[in-house]
Amino acid sequence: MAPQLFTVPVPALGQHPGGSIVCTEPAPRVYLLTWTSPPDNRLTSAFCGALLDALDLIEFGGYAPGVVVTTSGVAKFYSNGLDLEHAVSTPGFWTGSLYKLFTRFLT
């Protein structure tokens with residue numbers, strides 16, 4: 001079993017009960033992020049924020065440079081995508097959460 005490096009909580013938000021993002025190191029310099037935010041790992045501001053925090057911990061937390069692999073702890077879904085109702089009703093969601101996450105992945 002891969003050693004667990006850290007866990008970042010995904011806070012509950014509206015209909016979403018919250019969850020966690022767990023980072024393990026299954027091989028040297030391979031960081032596996034497993035997200036579990038039932039029922040379907042939807043992209044909300046809380047989820048995006050937790051994922052950004054997990055990426056910060058890997059990059060700036062003293063871990064050796066390596067690769068990041070993502071997976072789901074929810075058997076049926078990697079992610080069921082954007083929570084559109086949350087996105088359109090949350091001021092700043094697009095630029096402050098979703099686009100910030102997309103930019104981070106691309107850079």
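The values are calculated or read from the model by the stated rules, or taken from the named source; none is laboratory data. As the structure is a prediction and not an experimental result, all values here were calculated from the model. Here the Cβ is made from the backbone with ideal geometry for all residues, glycine too, and neighbour counts use every protein chain on show.
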Worksheet item: Taking strands (runs of 3 or more DSSP E) that do not extend beyond the range 1-83, which have at least 1 residues that are of a type in the set (Phe, Trp, Tyr)?
Response: 4-10, 30-36
Discussion item. Among the residues of the range 1-15, are any at negative phi, more than 9 Å from the chain's Cα centre (by Cα), at pLDDT 95 or above and crowded, with 22+ Cβ neighbours inside 10 Å?
Written reply: no
Worksheet item: In this structure, does residue 7 turn out to be of a type in the set (Val, Ile, Thr) and without any contact (Cβ under 8 Å) to a residue 24 or more places away in the chain?
Response: yes
Practice prompt. May I ask you to verify whether residue 33 is under 16 Å from residue 98 (Cα atoms), out of contact with any Gly (no Cβ under 9 Å at 6 or more places or on another chain) and not small (Gly, Ala, Ser)?
Written response: no
Response to the item:
The condition from (1) out of contact with any helix residue (DSSP H, G or I) (no Cβ under 9 Å at 6 or more places or on another chain); (2) at pLDDT below 95 that residue 60 misses is numbered (2)
Worksheet entry | Residue count, the range 56-107 (criterion: more than 21 Å from residue 16 (Cα to Cα), more than 13 Å from the chain's Cα centre (by Cα) and surrounded by 14 or more Cβ atoms within 10 Å (Cβ to Cβ)) | 1
